[in-house]
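Okay, structure first, notes after.
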Amino acid sequence: MTRRAIVNKLMFALCGLAAFLTVSTLFLILAYLVYNGGTSISLDFFTKLPGPSGHPGGMANAILGSAEIIFFAAVIGLPIGFFSGIYLAESADPWLPAIVRYTADLLNGVPSIVIGIVVWTVMVVPLHHFSALAGGVALSLMLIPITARSTERFLLQVPRELREGALALGADKWRTTATVIVPAARRGIVTGMILGIARISGETAPLLFTSLNNEYWSAGFKEPTASLPVMIYTHAVSPYADWHRQAWAAGLVLLGLVLVGNITARMVLTQGAKRS
Amino acid sequence: MSSKMSAKNVSVSYGPFQALHDVTLDFEANKITALIGPSGCGKSTFLRSLNRINETERDTRIEGTITLNGENIFDIDVTEIRRRVGMVFQRPNPFPKSIFDNVAYGPKINGMLTGTTAEEAVESSLRRAALWDEVKDKLHDSAYALSGGQQQRLCIARALAVNPEVLLFDEPCSALDPIATARIEDLLVGLKEHCTMVIVTHNMQQAARVADDTGFFLLGKLIEHDKTDLIFKNPSKRETEDYITGRFG
């Protein structure tokens with residue numbers, strides 16, 4: 001074999017190995033979670049409060065708390081991100097959209113713990129309370145740039161012919177956007193939103209400073225609230241083996257929800273592609 | 001003869017590139033005018049000035065005057081101009097909506113549904129576009145379920161639904177097979193009683209078949225404009241003769 005052929009084969013094998021490692025990581029994590037936490041998943045896990053070591057109970061309050069925090073994040077972050085995305089895609093201004101786009105990308109790159117500290121300073125400290133609402137605000141700051149950029153991307157994929165078709169009928173720009181462009185990009189936009197929510201639902205750092213944690217049911221959205229990521233953290237750093245198993249189980253539930261969200265989003269998108 | 005639309009000394013530039021030089025051309029009412037010429041000759045640019053849709057492209061500059069019934073179109077609100085001067089595009093571009101909603105779109109956004117119902121407006125437009133019999137039982141199916149030729153006739157119906165005075169066609173058959181093309185050509189001739197039409201085409205036989213008048217463009221200039229018969233049988237300019245006899249283009 002010539003030297004060239006050997007190098008060719010070797011490099012290709014290396015790339016293949018790297019690709020295999022990339023894919024196998026997810027399955028390794030899943031297997032680990034199932035192995036360590038699978039036995040702790042029972043009806044109790046979804047219905048009971050966490051208990052002391054020896055009576056580990058469940059994580060019902062954290063599941064509900066996560067849902068509550070993500071709900072706040074979605075209510076705040078999705079509309080702002082969506083309308084910013086429309087602005088980015090449709091504005092005719094030569095400079096402002098570029099500045100907004102660049103800033104959104106920078107915001108997207110802000111370390112999540114920094115977002116946590118900022119929200120702690122502007123919300124938790126003045127209100128004297130850790131709260132689910134503050135957690136939602138912190139996560140929404142991460143959701144806004146993700147939603148804005150994905151909305152923009154899918155709006156720009158709408159063929160120019162559709163836009164001109166509406167304009168040629170006497171529609172103004174806003175009408176065209178609202179009645180033709182956005183509906184045409186609907187599936188993509190929704191997919192982007194689902195992926196964004198999946199992305200923020202595992203964030204821990206912003207919640208440590210904002211919603212904190214709670215061993216019990218939260219007394220309300222203005223009170224400290226348990227969440228799955230923070231619960232994983234507190235259980236994992238404890239010295240108890242049964243708490244560790246609870247943390248693995250919580251990780252499995254969280255990853256499961258994220259995977260279901262991702263897969264649903266992709267199915268929505270491919271079905272849309274088939275139909276149009 | 002009365003002119004429905006007239007262009008006087010129209011020049012169009014995209015940034016530093018001047019695509020159209022000093023074009024003067026009248027469109028007679030209830031006639032079809034074909035604009036022919038090789039690719040890049042400015043005929044589409046000219047067409048896209050007539051409903052001001054090329055203003056949506058950045059850095060477009062239009063000089064000269066274009067009038068509709070004697071009124072300068074640059075003095076009229078742009079959405080009104082586009083309603084009165086409709087356009088059908090090169091590739092069928094139905095909206096991702098039902099057949100019904102596609103046709104009802106224009107009347108709805110222009111507030112034209114007082115007195116008539118959407119059903120009536122949709123039926124009469126689809127009839128004028130010779131599509132009614134093929135789609136009357138599936139009005140609420142997606143427009144994408146139709147064939148290419150049907151989609152193009154749907155786009156014509158959609159344009160007709162706002163009762164335009166002038167209808168512009170930008171190579172409307174270039175994506176269609178010969179049978180679908182023939183149907184569209186028949187349709188255009190039949191629409192003359194409703195509106196004035198301007199059609200850009202690469203297909204000289206098509207211009208000869210449907211157009212009353214023909215204008216020949218070359219390198220951004222209008223070389224010649226006359227009755228279609230004269231343009232094809234006895235052109236007065238050398239360039240026109242060279243083009244229609246296939247010596248270039």
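Some points to look at:
- Helices (runs of 4 or more DSSP H) fully within the stretch A:46-135 that include at least 3 residues being in contact (Cβ under 8 Å) with a residue 60 or more places away in the chain: A:60-90, A:112-119.
- B:Asn102 vs. criteria polar (S, T, N, Q), within 14 Å of another protein chain (Cβ to nearest Cβ) and closer than 22 Å to B:Gly215 by Cα: no
- Meets criteria (out of contact with any Cys (no Cβ under 8 Å at 6 or more places or on another chain) and either surrounded by 15 or more Cβ atoms within 10 Å (Cβ to Cβ) or modelled with pLDDT of 95 or more (or both)) for A:Leu139: yes
- Subset of the stretch A:208-230 [buried (at least 16 other Cβ atoms within 10 Å of the Cβ), touching a helix residue (DSSP H, G or I) at 6+ places or on another chain (Cβ under 7 Å) and in a loop (DSSP other than H, G, I, E, B)]: A:Phe209, A:Thr210, A:Ser211, A:Asn213, A:Asn214, A:Ser218, A:Phe221, A:Thr225, A:Ala226, A:Ser227
- Just one of (1) free of Cβ contacts under 8 Å to residues at least 12 places away in the same chain; (2) of a type outside the set (Asp, Glu); (3) crowded, with 22+ Cβ neighbours inside 10 Å fails for B:Gly70. It is (3).
- For beta carbons closer than 7 Å, sequence separation of 6+ or different chains, a first residue in the stretch B:199-222 that is closer than 21 Å to B:Val166 by Cβ and a second that is crowded, with 21+ Cβ neighbours inside 10 Å and among the basic types (Lys, Arg), the qualifying pairs are B:Val200/B:Lys43; B:Phe217/B:Lys43.
- Sole residue being in contact (Cβ under 8 Å) with a residue 40 or more places away in the chain, away from chain A (no Cβ under 12 Å), of a type in the set (D, E, K, R) and over 30 Å from B:Lys8 (Cβ atoms), chosen from B:Arg153, B:Arg91, B:Arg128, B:Arg158: B:Arg128
- Of all residues in the stretch A:145-165, those that are buried (at least 24 other Cβ atoms within 10 Å of the Cβ) and either more than 30 Å from B:Ser49 (Cα to Cα) or within 14 Å of chain B (Cβ to nearest Cβ) (or both) total 5.
- Residue match in the stretch A:232-241 (condition: of a type outside the set (A, V, I, L, M), within 14 Å of chain B (Cβ to nearest Cβ), in a loop (DSSP other than H, G, I, E, B) and over 18 Å from A:Glu68 (Cβ atoms)): no
- Residue check, A:Ile86 buried (at least 16 other Cβ atoms within 10 Å of the Cβ) and at pLDDT below 95: no
- Some residue of the stretch B:135-148 being in a helix (DSSP H, G or I) and more than 13 Å from chain A (Cβ to nearest Cβ): yes
- Those residues of the stretch A:185-207 which are in a helix (DSSP H, G or I), surrounded by fewer than 23 Cβ atoms within 10 Å (Cβ to Cβ) and among the small types (Gly, Ala, Ser), in sequence order: A:Gly188, A:Ala198, A:Ala205
- Restricting the stretch A:167-176 to residues that are assigned to a helix (DSSP H, G or I) and facing another protein chain (nearest Cβ under 7 Å) leaves a set whose member that is surrounded by the most Cβ atoms within 10 Å (Cβ to Cβ) is A:Leu167.
- Flag if B:Ala29 is surrounded by fewer than 16 Cβ atoms within 10 Å (Cβ to Cβ) and within 15 Å of the chain's Cα centre (by Cα): yes
The values are calculated or read from the model by the stated rules, or taken from the named source; none is laboratory data. As the structure is a prediction and not an experimental result, all values here were calculated from the model. Note: ideal-geometry Cβ built from the backbone for every residue, glycine included; neighbour counts use all protein chains shown.
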